[in-house]
Amino acid sequence: MKIKFLLVTLLISVIGFSQSVNDFKAVIIPLKYEFLKTENQYRLATMTKSNLIKAGFTAFYTNEEIPAEYSDRCQLLYVDVKKESGFLVTKLFVEFKDCFGKVVYTSEIGKSKEKDYEVAYKESLDLAFVSINKLHYKYNGKVVATTSKISPSAASVAVQTVAVATTPPVADISDPNLLYAQPTENGYQLIDKTPKVVMKLLKTSRPDSFIAIKDGVQGSLNAKDNQWFFEYYQNDKLVSEKVSVKF
C-alpha cells in the first residue's frame, strides 16, 4: 500500500512540473531545417508558419523583428521539423523546445508516398500537424521560470558579486550573432537563436571576467571598452574574438 502511495505521489509531482505548449506565448521558426540545403527550401518554413497560425499559435521567423511583448526568450517555443528515414516514404515530425533546448512536445509522424519533394513535404507536414491541432493551443498566461534553482549559499555569493559588479557592456540586439546568457550553477551558458549552446562560462572573483570554454577551447571572456572578448592562446599567440552577449 505504501509503495502504491509513493508511486502515485511521484507521478503527481512529475505531472506538476511538466510543461505544456500552452505555457508559451509564441513560436520561433528557423528558416532552414537540418535535412534541407537552403533556407525555406520547398517552402517548408512558410508551410510551418502557416500550420502554426492555423493551430492558434503566434509565430515568428528567426529573422523577423519580434515585438517587445515577446522579448523574453524563455516565454517562447522553438519549433523544429525533423525527417525520419524511410524507404519510398517521406516522414516528418515536429518538435517544440523551450529556451533551454528541452523538448516540450513532439508531434506524431506525418507520412507521404508522393515522389515530388515539395508535395511530399507538404503532405507529411500537414499530417504531422493533425496531432498539434488536437492540442487546441491557447496561451494560459503562465510565467515560465527562466533561471535554475540555486542553493541559499550560491544565492548569497551571487548577491555579493552583484554588489561589487561594474556596469556590463551593453548588448547590440541588432547583431545577428548575438548570444544569450542563461544562468547555470557555476556561471552561464551562452546560446544562439536556434537555440544551441555556443559557450560555457564559469564565474571568477571578477564580475567582468569569466573562464570560457568554446568548442573544446578554454580561454576567458573579458569585458573591455564596453565590449566582451573571448581570449585564448593558439600556437602560443593570444587570440581575441569579439563576442556580443546579452546577460
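Read-outs throughout are calculated quantities, based only on the coordinates presented, and are distinct from any laboratory measurement. Here the structure is a predicted model, which means the values were calculated and not measured. Positions of Cβ are backbone-derived with ideal geometry, glycine not excepted, and every protein chain shown enters the neighbour counts.
Summing Lys and Arg as +1 and Asp and Glu as -1 over all other residues whose Cβ lies under 11 Å from the Cβ of Glu84 gives a net charge of +4. Loop-located trypsin sites (Lys or Arg not before Pro) in region 61-105 (DSSP state other than H, G, I, E, B) with a sparse environment of at most 11 neighbouring Cβ atoms within 10 Å: Lys102.
Each principal axis of region 46-124 carries a Cα extent, and these read 44, 23, 21 Å when sorted largest first. 3J(HN,Hα) along region 236-241: 6, 10, 6, 10, 10, 10 Hz, from the Karplus curve 6.51 cos²θ - 1.76 cosθ + 1.60 with θ = phi - 60°, whole Hz, x for Gly and Pro. Cross-linked pairs Lys82/Lys113; Lys91/Lys134; Lys32/Lys193; Lys49/Lys193; Lys113/Lys134: Cα-Cα separations exceed 22 Å for Lys113/Lys134.
Here the Karplus relation 6.51 cos²θ - 1.76 cosθ + 1.60, evaluated at θ = phi - 60°, turns the backbone of region 131-141 into coupling constants of 5, 6, 4, 6, 6, 6, 4, 7, 4, 9, x Hz, with x for every Gly and Pro.
Each of Met199, Met47 has some number of other Cβ atoms within 10 Å of its Cβ, and from fewest to most they run Met47, Met199. Amide H contacts for Thr184 (H built 1.01 Å from N in the peptide plane; partners 5 or more residues away or on another chain; cut-off under 5 Å): Gln189.
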